1. Any chance you could give the angle, 0 to 90 degrees and rounded to 10, that helix 51-63 forms with the longest Cα principal axis of the chain?
2. Please compute the Cα-Cα pair-distance distribution of the stretch 1-58 with 5 Å bins starting at 0, giving whole percents from short to long.
3. Can you give me the relative contact order of the chain as a percent, contacts being Cα pairs under 8 Å and 6 or more apart?
4. With θ set to phi - 60° and the Karplus curve 6.51 cos²θ - 1.76 cosθ + 1.60, what are the ³J(HN,Hα) couplings of the stretch 72-83 in order, to the nearest whole Hz, using x for Gly and Pro?
5. If I model a spin label at residue 109 and residue 30 as a point 7 Å from the Cα along the Cα→Cβ vector, what separation in nanometres do I get?
6. Which order do 88, 81, 94 fall in if you start with the one that has the fewest other Cβ atoms within 10 Å?
7. FRET efficiency for residue 58 and residue 23, Cβ-Cβ distance as r, R0 = 25 Å, nearest 0.05?
8. Take every Cα-Cα pair in the stretch 63-126 and report what % of them are more than 14 Å apart.
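What follows draws every value from the coordinates through simple rules; no lab data is involved. The model shown is predicted, which means the values in this text are computed figures rather than measured ones. Here Cβ is always computed from backbone atoms with ideal geometry, including for glycine, and neighbour counts include all displayed protein chains.
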Amino acid sequence: MSIKPVFINLLKIQLPLAAFLSITHRVTGVLIFFLVLPTSVYFLSLLLSSESSYMNFLDLYMNNFILRTFVLFLALIFTYHVFTGARHMLLDFHLISETLSATKTSSIITLILFLINGVIQAWVIL
């Protein structure tokens with residue numbers, strides 16, 4: 001008879017980097033559904049409703065650092081989800097070996113590519 005753990009403290013367990021990326025990929029998927037998608041639809045409706053609302057939104061966007069930072073946050077959530085999703089697909093199609101060292105290497109490469117892309121996005125958006 002095996003004894004199953006009743007309570008697992010995720011802060012005390014040292015997860016491998018690949019497991020951390022997998023968990024955060026799921027979290028960003030939830031954030032995309034509940035935060036990025038509704039906000040993007042709202043911003044799109046503001047931009048497309050009329051020419052004056054388009055100009056008002058652009059004026060607000062250009063003069064409001066908090067709004068630009070929020071848009072950067074939304075873009076970073078989406079791109080992180082895309083990068084980690086592409087890594088998961090490469091693993092699913094067995095294009096990346098499923099050994100511990102290969103998954104760690106692919107996780108590091110994914111994070112480095114995301115950070116480079118994040119710096120570029122921050123430079124463009126802010």
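1. Taking Cα atoms only, the helix is inclined about 60 degrees.
2. 4, 14, 12, 12, 12, 10, 8, 7, 6, 6, 5, 2, 1, 1, 0
3. The value is 32 percent.
4. 4, 4, 5, 5, 5, 4, 5, 5, 4, 5, 5, 5
5. About 3.0 nm separates the two model spin labels.
6. Exposure proxy ranking, most exposed first: 94, 88, 81.
7. After rounding, the FRET efficiency stands at 0.10.
8. So the pairs more than 14 Å apart make up 62 percent of the total in the stretch 63-126.
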